[in-house]
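Structure, as structure tokens:
Laboratory data are not the source of any read-out in this text; all were calculated from the coordinates shown. Source: prediction; values computed, not measured. All Cβ positions, even for glycine, are placed from backbone atoms using ideal geometry, and neighbour counts span all protein chains on display.
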Amino acid sequence: MKTKIKQLLTKGLLKENPVFVLMLGLCSVLAVSVSVINALGMTLAFTFVTVLSEVTISVLRKWIPKSLRIPIFIVIIASFVTILQFLLQAYFPSLNKALGIFIPLIVVNCIIIGRIESFASKKPVFDSILDGLGISLGYGIAILSIAIVREILGNGTILGYSLFGTSFEPALMFILPPGAFLVIGIEIGIINHVSKKASRKEASK
Amino acid sequence: MKQNQTKQIVTLGITLSLYCIIAALALSVTYSVTLPQIQLQQKKATEESMKSIYPDAISFTLCTDNEQNPIFHNQVIDNCITLDCIYEGRDQTNLLLGYLVKGSSLGYGGPIVFIYGLDLDDTIHSVSIIEHSETPGLGANVIKDHFLNQFKGKLTSDAFLVKQDITPITASTITSKALSEGIKKSVTYVRENITELTNENEN
Amino acid sequence: MSNYVITASPHIRNKINTAFLMNMVSISLLPATIGGIVIFGWTNTLPLIALSIISAVVSEALFQKLLKLPMSYLDGSAIVTGFLLALCCPPGIPLWLPVIGSFFAIFSKQVFGGLGHNPFNPALIGRAFLVLSFPAHMTSWLKPFDVVTTSTPLAVFSEKGMSGVLGLFQGSVSTMHKSMFWGIRGGCIGEVFILGLLLGLALLLLTKTIQWYVPVTYMGTVFLVSWMLGMDPIFSILSGGVMFGAFFMATDYVTSPMLPQSKIIYGFGCGFINVMIRFFANMPEGTTFAILLMNVITPMLDNRIKKPVGFVKEKTS
Amino acid sequence: MNLVNILIQTIFSQNFIFMRFLGLCPFFGLTNDMDSSIGMGGAVTFVTVMASVVSYFVYYFVLIPFGVEYLQTIAFILTIAVFVQLVEIYLKKMIPNLYKVMGIYLPLITTNCMILGVTLINIQEGYSLMETIVFAFGSSVGFTLAMILMTAIRIRIGNANVPAFFKGAPIVFLAASFIAIAFMGLQGLGG
């Protein structure tokens with residue numbers, strides 16, 4: 001049981017990382033990773049929608065007719081996204097402004113639809129919660145690892161705190177759009193390299 | 001067979017509408033719960049920036065004409081500068097401290113929404129940026145005090161020329177120009193029409 | 001038509017030829033370089049050029065080692081990249097700028113597998129990186145024969161129009177043309193001395209290092225389009241980095257098309273985008289980005305893409 | 001706002017792929033060969049323009065009169081999903097040739113975030129019907145342009161001797177980064 005929990009929670013980290021390995025949900029990852037605080041906000045928003053949608057669909061899975069499943073999934077996800085929008089507008093208006101259109105666009109995030117289709121619509125509630133948390137963790141790690149690099153190199157700060165004093169001149173390009181593509185490209189390169197090395201080691205054993 | 005099919009379609013339709021109705025209900029409930037808070041936040045954003053301009057003021061009232069329409073509302077001054085509205089800032093003794101002019105000017109990445117205080121002796125009190133979408137690290141420095149403080153105490157008759165009496169934000173002439181022109185043109189416009197306004201207030 | 005295409009690339013991967021061509025480019029750059037050094041003073045220019053070249057060669061060696069590519073860092077191509085990058089930087093900028101600029105330039109080449117494979121001109125990517133990352137440094141210019149900062153004529157033009165530009169040159173059009181021809185204006189190190197650029201071009205053409213198509217169509221388009229838009233066309237071709245770009249950057253073998261007719265389209269595209277950026281976009285000069293944008297289109301102009309190599313097809317099916 | 005400006009902005013200076021980061025999944029997934037990127041581009045153009053028009057009417061003639069503007073996300077995504085279904089059925093029956101070309105891309109379109117993005121931006125910016133159409137058309141042309149450019153570069157890279165470290169996805173992202181650098185030069189074009 002414990003290993004199962006662990007496996008569900010950690011598989012999104014590297015092996016099945018939704019962003020780095022499966023290359024899904026790239027739009028929000030690249031757009032929002034301008035600063036660490038935005039990335040954190042986006043991760044929380046994503047977790048909120050993913051976990052609640054997975055739970056709801058897992059509960060209702062017996063009452064969802066097969067031919068109607070996609071529209072019903074979309075309705076459920078969109079409802080949680082809209083609820084999230086209200087909450088953000090009411091309690092975190094500045095975060096809502098910073099994330100902008102990428103909050104409503106969580107609806108069409110392929111990661112969530114994919115997990116619901118292949119996991120939550122078939123598995124019991126508890127597993128779905130773990131799956132939702134695990135996949136959000138993977139998403140969060142991806143977006144944060146990009147945001148940290150971009151904010152340090154492009155703005156010289158981390159979470160808004162200056163790191164190197166005034167003599168350091170940040171390379172602005174990293175917080176402009178080309179910087180997003182550049183950083184994710186190099187990070188995927190590193191991940192591929194590391195996992196290839198690991199699998200080679202395993203093979204030689 | 002055919003009857004079966006229609007029956008199936010009807011059940012599917014009912015199921016889908018049921019889901020939609022439940023979703024819409026859930027949303028309207030959350031909406032009505034969060035609505036007051038959302039409106040409060042929106043009001044707070046403008047009010048906070050007004051408060052930062054006139055800390056002594058306790059009331060800010062929208063200036064309206066005789067028919068209760070806000071004056072200068074969405075007044076287009078030139079194709080990139082618009083006036084949004086004007087508020088009066090008054091302190092505890094109901095003394096008029098100055099006017100707050102809210103407007104927007106088209107910058108590099110989109111409109112820059114600003115609000116500034118206009119003292120009764122024709123000087124700019126201070127400027128605050130409500131909203132902008134300038135490039136981070138460059139034009140986004142428009143919110144920095146060292147840039148905005150340059151407008152403090154300027155007379156409405158001053159030139160507001162970037163590079164002459166306003167030092168631009170490093171490498172962001174367009175943003176700097178947008179804001180200083182926005183202030184200059186809106187303040188000129190308000191000055192030219194403000195006599196009406198004071199008269200109205202006296203009536 | 002497609003016969004040309006297949007045979008196009010290999011000759012630049014040949015070592016002897018690469019070294020010869022690259023040395024030719026470096027030599028042709030010298031007249032303009034000397035002009036720039038005289039105009040802006042050697043302290044503001046020489047260390048910058050030297051460091052840029054050294055950094056390019058070191059980065060090339062470093063990447064080739066790390067990525068396990070064949071070591072060819074002394075074949076002259078890295079030298080040319082560093083040299084070109086330094087020449088399109090403003091004089092007197094902090095010396096760490098050309099160093100990281102060259103590093104990024106070489107990076108942009110090596111990730112595709114090195115010379116001959118890179119779709120984008122490395123020196124231009126390096127410069128674009130610097131312009132986007134450190135705009136304040138990359139737009140601060142020195143006055144000729146002086147250490148005072150100034151604006152380039154194009155920056156003045158985009159702010160105050162032609163009358164502002166004439167104000168820089170005692171209000172006379174002929175003085176303006178003359179001073180701009182001799183390079184007495186703010187600008188990048190290599191772009192100001194027009195006579196030197198023309199000498200370089202002559203050298204490149206006489207030694208058949210490059211063909212005339214791209215420089216001529218590029219300059220012709222800039223001349224015509226800015227004339228149609230009401231700008232003094234002579235001012236237009238003398239100002240900014242158009243000539244430098246058209247002679248030395250747009251003619252790069254690897255990143256420009258092979259066929260004569262596509263070279264003509266390419267030259268026209270560079271010129272047109274360049275003028276469009278000057279007139280309608282935010283930057284006063286657009287040579288760097290115009291050529292980079294045409295680099296993006298190059299594979300399509302060349303028909304190189306109509307004959308994908310076998311394994312590409314296998315992947316998609 | 002001037003229609004020509006909207007068109008230039010959406011195609012070049014505010015390109016949806018390179019500047020706004022919308023519609024990236026097909027951009028990375030389908031750009032290995034020219035036919036599929038052009039097919040996807042065509043399908044996206046058609047659906048985006050039509051869906052924008054439909055959602056314009058849904059918003060101004062259904063949601064606003066009933067005072068339920070806050071249901072826009074859910075209403076738009078359902079509109080798009082239903083619309084895509086209808087197009088699929090219609091094409092299959094009436095224009096089978098076109099269906100053969102576009103058919104395989106249609107199911108993928110519902111989750112293309114560019115289309116929902118465009119419909120939401122239309123409302124956010126308060127565009128008129130004409131502006132909505134131009135905005136939708138321009139953004140999909142920009143999307144198609146980006147797809148075609150990327151495909152051409154990818155085919156060229158296919159012949160290149162990319163180092164093992166960057167092979168596969170990384171080099172595609174790096175190429176996108178360099179194209180985005182070039183596009184940065186167009187900032188400000190179209191106001």
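Just a few scattered comments:
- In chain C, the longest principal axis of the Cα atoms and the axis of helix C:260-280 are about 40 degrees apart.
- Centroid-to-centroid separation of region C:110-145 and region A:162-205 [C-alpha atoms, Å]: 21 Å
- Separation of region C:39-67 and region B:62-101, taken as the distance between their Cα centroids, equals 58 angstrom.
- For chain A, the longest principal axis of the C-alpha atoms and the axis of helix A:125-155 are separated by about 10°.
- Exceeding the 28 Å Cα-Cα cut-off - candidates A:Lys205/C:Lys68; A:Lys15/C:Lys109; B:Lys43/B:Lys184; A:Lys123/D:Lys100: A:Lys15/C:Lys109; A:Lys123/D:Lys100
- Residues B:His146, A:His193, B:His125, B:His132, sorted so that the one with the fewest Cβ neighbours within 10 Å comes first: B:His146, A:His193, B:His125, B:His132
- Among C:Val296, C:Val57, C:Val242: highest mean-square fluctuation, GNM of chain C, C-alpha pairs under 10 Å: C:Val296
- Relative contact order %, region C:2-308, counting alpha carbon pairs below 8 Å whose residues are six or more apart: 20 percent
- Based on C-alpha pairs under 8 angstrom that are at least 6 apart in sequence, region A:15-204 has a relative contact order of 33 percent.
- Counting Cβ atoms of other protein chains within 10 Å of each Cβ in A:93-105 and taking the mean gives 4.
- Extension gain, B:Ala45 to B:Asp158: 0.36 nm times the residue separation minus the Cα-Cα distance gives 37.7 nm.
- Average beta-carbon neighbours from other chains, 10 Å sphere, peptide B:33-40: 5
- For the segment A:147-157, counting C-beta atoms of other chains within 10 Å of every residue's C-beta and taking the mean gives 1.
- Most mobile listed residue (A:Lys11, A:Lys62, A:Lys123) in chain A, GNM with C-alpha springs under 10 Å: A:Lys62
- Each of D:Ile148, A:Ile103 has some number of other Cβ atoms within 10 Å of its Cβ, and from fewest to most they run D:Ile148, A:Ile103.
- The amide H of B:Leu97, built 1.01 Å from its N in the peptide plane, has B:Gly89, B:Arg90, B:Asp91 as neighbours under 5 Å, considering only residues 5 or more places off or on other chains.
- Per-peptide average of other Cβ atoms within 10 Å, ordering C:181-193, A:166-178 highest first: C:181-193, A:166-178
- Rounded if a/c under 1.5, otherwise prolate or oblate - the protein assembly as shown, Cα gyration tensor axes: oblate
- Rounded to the nearest 500, the helix-only mean residue ellipticity at 222 nm of the protein assembly as shown stands at -20000 deg cm²/dmol, with each DSSP H run of n ≥ 4 adding -39,500 (n - 2.57).
- Annotation: amide H-H contacts under 5 Å for B:Thr64 (H modelled 1.01 Å from N, sequence separation of 5 or more, or interchain): B:Ile71.
- Angle in degrees between helix D:72-94 and the longest Cα principal axis of chain D, rounded to the nearest 10: 80 degrees
- The ranking of A:Ile141, C:Ile277 by Cβ neighbour count inside 10 Å, starting from the fewest, reads A:Ile141, C:Ile277.
- Given +1 at the Cβ of Lys and Arg, -1 at the Cβ of Asp and Glu and no other charges, the dipole of the protein assembly as shown around its Cα centre is 4560 debye to the nearest 20.
- Rounded to the nearest 20 debye, the dipole size of chain C about its Cα centre is 700 debye, using +1 on the Cβ of Lys and Arg and -1 on the Cβ of Asp and Glu.
- Neighbourhood net charge (10 Å Cβ-Cβ; Lys/Arg +1, Asp/Glu -1) for D:Thr151: 0
- Summed residue charge, Cβ within 10 Å of B:Gly107's Cβ, Lys/Arg positive, Asp/Glu negative: 0
- Relative contact order of region D:3-184, pairs being alpha-carbon contacts under 8 Å that are 6 or more residues apart, as %: 43 percent
- Highest-fluctuation residue, B:Leu161, B:Leu120, B:Leu40 considered, GNM on chain B with Cα pairs under 10 Å: B:Leu40
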